[in-house]
Amino acid sequence: MDAVSVIALSMGAAWASGINLYATVFMLGYMATTGNITLPAELEVVANPMVMTAAGFMYCVEFFADKMPGVDSAWDSIHTFIRIPAGAMLAASAVGDVTPAIELTTALLGGALAAGSHTTKAGTRLLINTSPEPVSNWTASISEDLLVIGGLWTALNYPVLFIIGLVAFILLMIWALPRLWRLVKLLFRKVGSWLGFCAPPPTETQSTSLTDLRDEQFKP
């Protein structure tokens, strides 16, 4: 692989892991097994039948958990401790046989990227759960799965195009995360006020809905 392809593979694996780790591992293993890609020796473990079976099984579990309001946010919370280190490990493995300094640098960048994509997903899904209907959860979950599959396929086949898209995603993430964080804090404070644990946010009235808060944060 040339340098651009290696960067796309390593950062693509880290980015996708933050959204859906099990789909990422299974897809990489499947494409390697079918001869569509040649993985670095350090990453060939994902093509092991035992690893693919575990990833496929966990993807099936996540497929249903990710579409249930409330359960999806709990699932994301638990996977904060799984997706981020796994993303760092996959990114470091994807660069192949390199110096320890390059491997550590790639792991740090991959972990940061996985953390960013995971936080964006988890925050977005938490806000989607303020909607009273489950259709949004299904739409978001299926869109995320397609994004992971399409993103990895692009990274493996059109690395330059993927890197351009990844830069755009990072810029969008930088814009969105502060707004998501403010809205999540408002959400928890509002829920806390309902339960009597704290006073309502001073900027809202008792009739303000969670949807109104969400729309206010993301209005043009």
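Nothing in this text is a laboratory measurement; each read-out follows from the coordinates by a stated rule. From a predicted model like this one, the values you see are computed outputs, not experimental measurements. Because the Cβ atoms are built from the backbone with ideal geometry, glycine has one as well, and the counts that use them run over all protein chains shown.
Going by C-beta contacts inside 10 Å, put Trp138, Trp75 in order with the fewest on the left.
Least to most surrounded, the residues fall as Trp138, Trp75.
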Overall form of the range 94-171 per C-alpha gyration tensor (a/c, 1.5; a/b vs b/c)
prolate
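Counting other beta carbons within 10 Å of each residue's own, what order do Val46, Val51 fall into, fewest first? Intermediate results must be reported in sequence, preceding the final value.
Details: Val46 23, Val51 15.
Ranked by crowding around the Cβ, least crowded first: Val51, Val46.
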Label points 7 Å out from Cα along the Cβ direction at Thr105 and Leu171: separation in nm?
2.4 nm
Just rank Met1, Met50, fewest to most, by other beta-carbon atoms within 10 angstrom.
Met50, Met1
Where the centroid of each part is defined by its Cα atoms, how far is the range 1-27 from the range 80-159 in Å?
8 Å
